[in-house]
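Here the structure comes first, spelled out in structure tokens, and everything after it is commentary.
Since every read-out is calculated from the coordinates, none of them should be taken as a lab result. The model shown is predicted, which means the values in this text are computed figures rather than measured ones. Note that we place each Cβ from the backbone using ideal geometry, even for glycine, and neighbour counts take in every protein chain shown.
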């Protein structure tokens, strides 16, 4: 099972729709910006905050890029 298949199966077990490819790519970009702009723990925790706040992923990615730029 690859990563996208795992995420789809995980989403199904959580009872939510699977992520589309665009959202997956944006979240991976967000995780990369967070990890490189700070330290590795910032990646999953930033994605968690996006999910819990309901912030649109493109908006969160823009915020993360702004933080990383200083």
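Things worth noting here:
- Where a label projected 7 Å from the Cα of residue 66 along Cα→Cβ would reach, residues of segment 28-60 with amide N under 15 Å: 55-60
- Multiplying each eigenvalue of the alpha-carbon gyration tensor of the chain by 5 and taking the square root yields semi-axes of 23, 12, 10 Å, largest first, rounded to whole angstroms.
- Gap separating the Cα centres of segment 1-41 and segment 42-70, nearest whole Å: 13
- Over the residues of the chain, the helix contribution to mean residue ellipticity at 222 nm works out to -24500 deg cm²/dmol, using -39500 (n - 2.57) for each DSSP H run of at least 4.
- Cα long-axis angle, helix 21-37 against the chain (0 to 90 degrees, to the nearest 10): 40
- Helix 57-69 and the longest principal axis of the Cα set of the chain meet at an angle near 30°.
- Tilt relative to the chain, helix 42-53 - C-alpha long axis, 0 to 90 degrees, to 10: 70
- Whole-number percent relative contact order across the chain, with pairs defined as alpha carbons under 8 Å at least 6 apart: 26
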